[in-house]
Amino acid sequence: MYENKKIGFIGGGMVAEAIIRGLILHGHEASKIFVSDPSESRRDVLSILNKQLNVESDNQAIASQVEIMIMAVKPQIFTNVAEGLDLGSENSPMIISVAAGIEMETMKNLFGEDKKICRVMPNTPCLVGRGVSALIQSNLNESDIVMATYIFNSVGKTIWIQEEEWMHAVTAVSGSGPAYFFQMMHILKSAAIKAGIPEEIAETLSIQTAIGSSQLALNSADDLLTLKKKVMSPGGTTEAAFDFLEEKKLDDIWDEAIDAARQRSVDLGKD
């Protein structure tokens, strides 16, 4: 049913490409996917991705024929691109935005209060099909919600939220979150290298430990703190590390850092 829906992308950058790849991988008909981009080189990349894709340079050509229109453009040009689209009453697609910081009220002002609108905050692991996307909607019916879920489940996990204000915290936690984990992996790798372990082995130890820990957390019935405690033997190496971190009040530092990211999201939304 959903595999035959006409889905259009305004903007063919990396986020759009990731979702297109995910949709095709999950069985969506490539001939039912449409994408526009002003860059000839990006259009060439997308055309090579699957020869059945409908690749255009004209945004309106996409908007005029699709049932779901995904705005995958940079926030700085979102308004100009949106104002250049004519969404007549005959064809009124569900509009999904993955542009960071573009609020629902802005989209309602641009497209109309009565339009079906969905705002999404995906994160970069969507590029490998392991992302998490937070969604909030206006005027969507049950079938529309299932359709939006279907789209973003193709690149990971989908979470619907009820309050748009939460998007700032979502941005700070899952949007910026991959960078926090990359930094932790880099710290572990660097520590191993300082102890004399070759770089290639150090990197494997760091990355594989992160992968394994994530899978363990995903598949375990225990909460995160319980899992942490199970690694810590009394008087052991892990306890020594956490005693030091507690002394340095690392949890407080991380709380403040993540709140700084959340506040920056608030400021960008106002801008």
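In segment 161-174, what residues are surrounded by 14 or more Cβ atoms within 10 Å (Cβ to Cβ) and over 14 Å from ILE258 (Cα atoms)?
ILE161, GLU164
Quick check on my filter: what residues within segment 54-64 are surrounded by fewer than 21 Cβ atoms within 10 Å (Cβ to Cβ) and either hydrophobic (A, V, I, L, M, F, W, C) or more than 19 Å from CYS118 (Cα to Cα) (or both)? Working first, answer last.
Taking segment 54-64 as the starting set, the residues that turn out to be surrounded by fewer than 21 Cβ atoms within 10 Å (Cβ to Cβ) are 54, 56-58, 60-61, 64.
The answer is ASN54, GLU56, SER57, ASP58, GLN60, ALA61.
Taking the condition of being outside any strand (DSSP E or B) and surrounded by 15 or more Cβ atoms within 10 Å (Cβ to Cβ), how many residues in segment 1-16 meet it? Walk me through it before giving the result.
Initial filter on segment 1-16 (outside any strand (DSSP E or B)): 1-6, 11-16.
Now narrow it down to the ones that are surrounded by 15 or more Cβ atoms within 10 Å (Cβ to Cβ): 2, 5-6, 11-13, 15-16.
Residues meeting the conditions: 8.
Search segment 1-26 for residues being among the small types (Gly, Ala, Ser) and closer than 16 Å to ILE96 by Cα, and hand back the single one that is farthest from the chain's Cα centre (by Cα). Steps first, answer last, please.
Our first condition is that a residue be among the small types (Gly, Ala, Ser); within segment 1-26, this holds for 8, 11-13, 16, 18, 22.
Add one more test, that the residue is closer than 16 Å to ILE96 by Cα, and what stays is 8, 11-13, 16, 18.
Details: GLY8: 18, GLY11: 16, GLY12: 15, GLY13: 13, ALA16: 11, ALA18: 10 Å.
My answer is GLY8.
Step by step: first the residues of segment 78-101, then only those that are surrounded by 21 or more Cβ atoms within 10 Å (Cβ to Cβ) and not small (Gly, Ala, Ser), then the one that is farthest from the chain's Cα centre (by Cα). Which residue is that?
PRO93
I'd like to check something: does segment 159-182 contain any residue that is within 16 Å of ALA16 (Cα to Cα), modelled with pLDDT of 95 or more and either under 16 Å from the mean Cα position of the chain (by Cα) or assigned to a strand (DSSP E or B) (or both)? It would help to see each step written out before you state the result.
Keep residues of segment 159-182 that are within 16 Å of ALA16 (Cα to Cα), which gives none.
Within segment 159-182, none of the residues are within 16 Å of ALA16 (Cα to Cα), modelled with pLDDT of 95 or more and either under 16 Å from the mean Cα position of the chain (by Cα) or assigned to a strand (DSSP E or B) (or both).
Looking only at segment 88-103, decide whether some residue is part of a helix (DSSP H, G or I) and hydrophobic (A, V, I, L, M, F, W, C).
No; the residues of segment 88-103 include none that is part of a helix (DSSP H, G or I) and hydrophobic (A, V, I, L, M, F, W, C).
Is it fair to say ILE19 is in the same structural domain as PRO125 (by TED's automatic domain parsing), within 26 Å of VAL146 (Cα to Cα), assigned to a strand (DSSP E or B) and touching a strand residue (DSSP E or B) at 6+ places or on another chain (Cβ under 8 Å)? Don't jump to the end; show me each part of the working.
Details: in the same structural domain as PRO125 (by TED's automatic domain parsing): yes; within 26 Å of VAL146 (Cα to Cα): yes; assigned to a strand (DSSP E or B): no; touching a strand residue (DSSP E or B) at 6+ places or on another chain (Cβ under 8 Å): yes.
The answer is no for ILE19.
The values are calculated or read from the model by the stated rules, or taken from the named source; none is laboratory data. Here the structure is a predicted model, which is why all the values come from computation and not from measurement. Cβ coordinates were reconstructed from backbone atoms using ideal geometry, including for glycine residues, and neighbour counts include every protein chain displayed.
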